[in-house]
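The values are calculated or read from the model by the stated rules, or taken from the named source; none is laboratory data. As the structure is a computational prediction, the values presented were derived from the model and not from experiment. All Cβ positions, glycine included, derive from the backbone under ideal geometry; neighbour counts span all protein chains shown.
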Amino acid sequence: MSRAMRWLQLGGRQREYALSIALGCSTAAAYSAYHVRKPLLADGGQFATEWRSKPVIESHTVASPERAAGKKGPKGPSEDSETASQDLVASQPPPPQTHGHSVFDAEGDFPDDPLQAWQHATDRVSAACGTFTGFDMTSLRERMLGLLVPTWVRQLPAWLNKLQDEMSMAPWSLSWEIWEEAHDPEINPEIIWDAKVRVSKQLCDEEVAFLQKRKPQTARALARYLGVAERDVHPDDVPIIGMCGSGGGLRALVAGASSYLSAAEDGLFDCATYSAGVSGSCWLQTLYYSSIGRQSHAHIIEHLKDRIGVHIAYPPALLGLLGQAPTNKYLLSGYVEKLRGVPDADFGLVDVYGLALAARLLVPRDDLRISNYDLKISNQRFYTDDGQQPLPVYTAVRHEIPDMVGNAEEQAKESRFTEKHHDYFQWFEWTPYEFFCEELDAGIPTWAVGRKWEGGQSMRRENGLALPELRVPLMMGIWGSAFCATLSHYYKEVRPILKACGMGTLDGLLAGKSDDLVKVHPIDPAVIPNFALGLKGTLPEGDESSIHSAERLQLMDAGMANNLPIYPLLRSGRDVDVIVAFDASADVRGDNWIKVVDGYARQRNIKGWPMGAGWPPQSNAEETTIDQLDEKQQTATECIENSASDVKAAEVKQRDLSHCTVWAGTKEEHQEPVDNAIPAPIDLSPDSQAPHQLTSPNAGIAVVYFPFLANDKVPGVDPMKADFMSTWNFVYTPDEIDSVVRLARANFNEGREQTRRTIRAVWERKRTLRLQKEDEAKQTARRSMVQRGHAAVRRNGDMGHGDQFGGF
């Protein structure tokens, strides 16, 4: 009842406000506020002319009809005093507005108007909510992303979009420009040259001419190296020296550059005729014969310090070079030409790998100092045509898996040294002159690599032009694609881990499947057009080989077959006398790549190779020890023990590698090549005379072997223990490079004099043989002249006297 009386006591307009608020009708509240006069409040300056003016506070204690009506009367002179008093009142702070006032005192003039209260409440709520809704969530999101996600990841979409636009072949895009230049003979003159497959066992004419021009250069270099007069060195007496570096990724690249630098400072590198490489050593040769290396291994080492401190696959660095001029055109030209010119060409992981390698190794610190001349192997003839530099040889292999018919084991046993059995690797080599396969006895000009072939002829495209030469970035990926190994190679890598983890059953299962594992490549090798396509019956390779029908050659790292490129140096016609091998393989003690050459030498019937060179495995050493102990069974027990200890010590000494080891072969025939004894290393100590293995007329090829081993003179650096020297590490700091350089140079110093005495002994042997041949030739000529003189005497009559024309 009391609530109803309160409701009746309210005025009509007050009840309307209450209903508007209770029902939540914002439209009614707004309509009511529109028709009601704005209340005159102490905080709302009614006489303010604009919102920026200072509000005038007016006291509610002053009553006047004009104020009640909301009007202002005229001001006369009598009101000045009142105005002054009002100004004084206005300057004073207003009294509290809540005491003695009620919202219902006067209709239309109440400071606590219900609508005003509603607005006040909603403003407070809005202010509280604004602290959340006004928070910059975008800024928070960016800050969180900046902490959790690297900047380059957020920029990756923009980079990829830009690269996609450049490779879209749209007019005036980067790919469009590259493809237009691929049709320009002034830029790529080889596109108008005809090429044929050369089938022959002989060297190409360009290499023969190189050898003739290289002889005088090496003769002068040999005189300086041995400290003799140039007039005493005949060009025919100069040993043909082949230097080679192993595979092993950046470890082989850095260590090889250091070893070659030491050889160059000693004068040995200038005496070399050939320089061969596998994997990382191929990268080294690419840098040496470029505007970056400038034919100086010291410059190469400094370049590596500037470039390989960043991973080859680090996206900001890689995409930065691919997304800006001039490096983008420099690196991507070969890929555009390959994909556009050969529609069915594959673009795989090896191609991306080569692109990343080239971006890190073939780009100097100053990105603008690049030369397109460095991107073709054939352009390297600029450094070799006059014989000023050794001829570089780059290597790769193709995995041939023939289909065996019948009992494979019996076939392999019957033809172990005459025919190839099971799977095998075909070696391919590049020089600035020719791309050649000794298994096929066939090759093509290096500038013709990359175009299609059929029946020994290069095929032109519809416009009558051929494709430009395959670029170096693609080749770098092929040369170093060790990850394209077979499952058998991967199994050998993880087998010690399986045994250590007690997985003997799994290890035995995988070991029994070795014949199947050796035929599977988890990662496909890179491909180039096959120049042997359609030559079945013309090439010496058997008709069962798949190379005659394959449209493309699948090539990979030559380290799959042998991590030292010795096979190309043994090719007929090169007649190498001394091989200096720098081996930076991952496990030089266990791999024993020198001994692997024996099978190649037997199959090729190569005379002069030191058969059995290397170091015996542990099993062979133990068997030899047992045999030698059995021969001494009749002696006293202590004699047996002493002999056993002596034999073991001798074998350990022979089996343990030194920093420089020299072997020499012989040209004499071996009666039983299978059971050939392991030759002892040659003693080249300063007090010893020239060994007969090197001075004998039947002496064969001398091998000087430098393994990359730890050295006491460089403490704290062990290739077998240092993690950064792993084959799969692609980041070297300048300090790490310096440690590798110190170790390689120290190892070369260990064998510096041994190498010099070996070269001197071979030179003296060749000089002695030449002088003997010249003496024999003189004796033969003298005997011929004498015989002609006697014949003239018989023709001159019975007196037997000769005349001035008789030849005496």
Q) Mind checking which residues of region 718-752 are assigned to a loop (DSSP other than H, G, I, E, B) and farther than 28 Å from S481 by Cβ? A) G751
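This table checks each residue for (1) surrounded by fewer than 17 Cβ atoms within 10 Å (Cβ to Cβ); (2) over 30 Å from L284 (Cβ atoms).
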| position | (1), (2) |
| --- | --- |
| E177 | yes, yes |
| A182 | no, no |
| D194 | yes, yes |
| A209 | yes, no |
| K213 | yes, no |
| R220 | yes, no |
| A223 | no, no |
| A229 | yes, yes |
| D232 | yes, yes |
**Q.** Only one of S281, S259, S290 that is at pLDDT 95 or above, outside any strand (DSSP E or B), among the polar types (S, T, N, Q) and over 30 Å from V596 (Cα atoms)
**A.** S290
Q: Sort through K305, K329 and tell me the only one that's among the basic types (K, R) and not assigned by TED's automatic domain parsing to the domain that holds L368.
A: K305
Q) Does L684 meet the test of being in a loop (DSSP other than H, G, I, E, B), buried (at least 19 other Cβ atoms within 10 Å of the Cβ) and touching a residue at least 40 places away in the same chain (Cβ under 8 Å)? A) yes
**Q.** Options I300, I312; residue that is in contact (Cβ under 8 Å) with a residue 12 or more places away in the chain and crowded, with 21+ Cβ neighbours inside 10 Å
**A.** I300
